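Undergrad: Handing you this structure, nothing more for now.
The values are calculated or read from the model by the stated rules, or taken from the named source; none is laboratory data. Remember, predicted model here, so these are calculated numbers, not experimental data. So basically every Cβ, Gly included, is an ideal-geometry build from the backbone, and we count neighbours across all protein chains shown.
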Number of protein chains: 2
Amino acid sequence: MSRFWIDKISGLKPYVPGEQPTSDSLIKLNTNEHALPPAESVLAALRSASGEALRRYPDPTASALRSAISAAESVPPDQIFVGNGSDEVLAHLWFALLKGRRVQTLDTTYGFYPVWAGLYDAVLTEVPVLEDFSVDVDTLKNDDAAIVLANPNAPTGRALTRDDIALLADSNSDRLVVVDEAYFGFGAETAVPLIADHDNLIVTRSLSKSHALAGMRVGYAIAQPDLIEGLIRVKDSFNSYPLDALAQAAAAAAIQDTQWLENASREVREVREVMSAGLRAIGFEVLPSQANFIFTEHQSLAGRQIFDALRARDILVRRWDKERIENWLRISVGTMAQAEQLLVVMREIVSAETG
Amino acid sequence: MSRFWIDKISGLKPYVPGEQPTSDSLIKLNTNEHALPPAESVLAALRSASGEALRRYPDPTASALRSAISAAESVPPDQIFVGNGSDEVLAHLWFALLKGRRVQTLDTTYGFYPVWAGLYDAVLTEVPVLEDFSVDVDTLKNDDAAIVLANPNAPTGRALTRDDIALLADSNSDRLVVVDEAYFGFGAETAVPLIADHDNLIVTRSLSKSHALAGMRVGYAIAQPDLIEGLIRVKDSFNSYPLDALAQAAAAAAIQDTQWLENASREVREVREVMSAGLRAIGFEVLPSQANFIFTEHQSLAGRQIFDALRARDILVRRWDKERIENWLRISVGTMAQAEQLLVVMREIVSAETG
């Protein structure tokens, strides 16, 4: 606390990201990083960009990256905004489009939403998800408040269909619908094709999960040009060049490598099924996931107990001290070898505690 | 304009950075990039960091980078805040410490200050610099408003001494003094040693100029821990990881390579003297600069005319349509070869127009 802080600062409740241990001996399944390393094409792009040109400022409009996204998503470049991870994209979005306004989200979703609401004085309503963590779209329809949805949702992994999103966007065309597709690429439908017909829809993406580039901090938004221009105006009033030259080069190469995305996504989905089936076989409920993680609860063991037992055996997963989900664990989909190791350890834990 | 923009967005006047032409045939002296490429130690650090680990999130606290800064600046790590360029550091600083408050700056200084003031509703007073673009510290003393100074100042290149800064900070200990040392490393005194005794002082730095890393977007702030904590609270409510893994690795290597900084700084100062002397010899007034650029006006030719003539000969410099400085050019210090080429062309322009 300093006498120089503006009043608001003491009251902020910053987001706390998952632990990033420096030890390599851990099996790290706590922050939904991709199981695979980035594409070789990305590493090649980085090698060729890591030279003398770094003395120059990067392109403030990231035009090569936006062109790559334009081609991959079949949307014009003026419908694309890029930023330092989808977190920065969403922060600017909360400022430009939600500051001081009423906003709906879910009671079980990405923990950064209430933080941005607090930073930018939005009035947040958290609508409860159903008992099985699914979302009843009918209860969300026809409201005047803007709505922010993670799809697939985190930490549940459950996804709405494109038709669900269309229903929301159509239910009130003066209502802004924000769809956070950070977990795009692992099976869920994207809302991007709806943008051409919906000027009240904005979709955000991250390269952290789908493209195995959490280390490079690149995200983007897709919407009609006037919404994108609002984001650009805030960004250009904040920091002209949030994406460094290497992040731009890596992200453009990653987006262009559609074959890598397809193969990597298939591999994640295969491991996800093995993990889910293996856990179900020893008494876990596992929600159907369309993300690169699963959300799971054991029928008789407490979440805290399993979390600690895994940690003692060098496996790190994520858990929240939040009443509704305190018994649940979010486990990232690792490699097949990590999934098998997880299952071996889980069987030991379950038989030791229940047997 | 979109019906979804909050009211403020239409009124923002975003910062416009200097042009970043893609052509390599230009001599680019318009955005104060370093004349030299980054240190070989930086490129080596990038090569070793550009691998599979990029699938992982970077360290949200950038602890290795902050340790490197701590060693180089002789301040504890809890007095260091890092961000995506000093622009992001300053943006968070305007939010955490200046939002809604009265702030003094100069009428001729970095053009981003009024933009942040507008974004964060600060009430800005622009104090005129003297006729020769120097600053009368006495006129700035004893005010209650916070003060933000670029030192050396841009676009003038003139610097205040450490004693000047101490005088300001001592004149009212309840007044926040922000010293933006983006152009540190080219001869000016730093205010960092004053921080131990001044809890109302905060110094920001950039690696874009001094360390030839404009392409990597790294900056930092140094202040006593309670001011730093205010910045951390805003950053962690905005974007947990604004520095990607490669930016952290490059910046840490750059900061550690103190020998490179010393040599590169000497080379810039040598070229700066050659440029300045050569221009003075053909009728230019050149302000004494402690930055990696000079600010200059010709005794008989208009700034616009020289700017256009240089542009026609593939030399890009910076100029503003702002009454007080409309006749002045800001010219980055390039390599010795670029300086010689600039002088050849300037002599042609001056003799064609005045002869």
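Undergrad: When segment A:49-67 is examined, which residues are found to be farther than 24 Å from B:Glu88 by Cβ and modelled with pLDDT of 95 or more? So that I can check it myself, show each step before the final result.
TA: Let us first name the residues in segment A:49-67 that are farther than 24 Å from B:Glu88 by Cβ, namely A:51-52, A:67.
Answer for segment A:49-67, where residues must be farther than 24 Å from B:Glu88 by Cβ and modelled with pLDDT of 95 or more: just A:Ser67.
Undergrad: Could you list all residues from segment B:195-215 that are within 18 Å of B:Ser41 (Cα to Cα) and free of Cβ contacts under 8 Å to residues at least 40 places away in the same chain? Step through it out loud before you land on a result.
TA: Restricting attention to segment B:195-215, the residues satisfying the condition of being within 18 Å of B:Ser41 (Cα to Cα) are B:207-215.
Listed by number, the list holds a single entry, B:Gly215.
Undergrad: If I filter segment B:282-291 for residues that are within 14 Å of chain A (Cβ to nearest Cβ), crowded, with 24+ Cβ neighbours inside 10 Å and closer than 19 Å to B:Thr204 by Cα, do I get at least one hit?
TA: So in segment B:282-291, the residues within 14 Å of chain A (Cβ to nearest Cβ) come out as none.
So far as segment B:282-291 goes, no, none of its residues is within 14 Å of chain A (Cβ to nearest Cβ), crowded, with 24+ Cβ neighbours inside 10 Å and closer than 19 Å to B:Thr204 by Cα.
Undergrad: Moving on. Determine if segment B:330-338 includes at least one residue that is over 21 Å from B:Ala264 (Cβ atoms), of a type outside the set (D, E, K, R) and touching a helix residue (DSSP H, G or I) at 6+ places or on another chain (Cβ under 7 Å). Explain how you work it out, then say what you get.
TA: Quick first cut of segment B:330-338, residues over 21 Å from B:Ala264 (Cβ atoms) only: none.
No, because not a single residue in segment B:330-338 is over 21 Å from B:Ala264 (Cβ atoms), of a type outside the set (D, E, K, R) and touching a helix residue (DSSP H, G or I) at 6+ places or on another chain (Cβ under 7 Å).
Undergrad: Moving to a separate point now. Can you tell me which residue is farthest from the other protein chains (Cβ to nearest Cβ) among those in segment A:253-264 that are more than 19 Å from the chain's Cα centre (by Cα) and either under 16 Å from A:Glu88 (Cβ atoms) or touching a residue at least 40 places away in the same chain (Cβ under 8 Å) (or both)? Show your work before the answer.
TA: As a first pass, look at segment A:253-264 and keep what is more than 19 Å from the chain's Cα centre (by Cα): A:253, A:256-260, A:263.
Filter once more, keeping what is either under 16 Å from A:Glu88 (Cβ atoms) or touching a residue at least 40 places away in the same chain (Cβ under 8 Å) (or both): A:253, A:256-258, A:260.
Working: A:Ala253: 12, A:Gln256: 17, A:Asp257: 14, A:Thr258: 18, A:Trp260: 12 Å.
Ranking the qualifying residues of segment A:253-264, first place goes to A:Thr258.
Undergrad: For the subset of segment B:298-349 comprising residues that are part of a helix (DSSP H, G or I) and within 21 Å of the chain's Cα centre (by Cα), which member is surrounded by the fewest Cβ atoms within 10 Å (Cβ to Cβ)? Before the answer, list the steps.
TA: First, the residues of segment B:298-349 that are part of a helix (DSSP H, G or I): B:303-312, B:323-325, B:336-349.
Add one more test, that the residue is within 21 Å of the chain's Cα centre (by Cα), and what stays is B:324-325.
On the way: B:Arg324: 12, B:Ile325: 19.
Applying the filter and picking the extreme gives B:Arg324.
Undergrad: I need the full set of residues from segment A:246-289 which are of a type in the set (S, T, N, Q) and either touching a helix residue (DSSP H, G or I) at 6+ places or on another chain (Cβ under 8 Å) or more than 13 Å from A:Met346 (Cβ to Cβ) (or both), in order please. It would help to see each step written out before you state the result.
TA: Step one: list which residues in segment A:246-289 are of a type in the set (S, T, N, Q), which gives A:248, A:256, A:258-259, A:263, A:265, A:276, A:289.
Matches in segment A:246-289: A:Gln248, A:Gln256, A:Thr258, A:Gln259, A:Asn263, A:Ser265, A:Ser289.
Undergrad: Any residue in segment B:74-87 that is over 27 Å from A:Gly85 (Cα atoms), within 20 Å of the chain's Cα centre (by Cα) and not charged (D, E, K, R)?
TA: no
Undergrad: Conditions first: (1) in contact with a strand residue (DSSP E or B) (Cβ under 6 Å, 6 or more places away or on another chain); (2) closer than 19 Å to A:Asp87 by Cβ. A:Leu201 passes all but one, so which condition is the exception?
TA: Condition (2) is where A:Leu201 drops out.
Undergrad: A further question follows. Check off (1) at pLDDT 95 or above; (2) crowded, with 17+ Cβ neighbours inside 10 Å for A:Leu140 and give me the number that stays unchecked.
TA: Evaluating A:Leu140 over (1) at pLDDT 95 or above; (2) crowded, with 17+ Cβ neighbours inside 10 Å leaves (1) as the failure.
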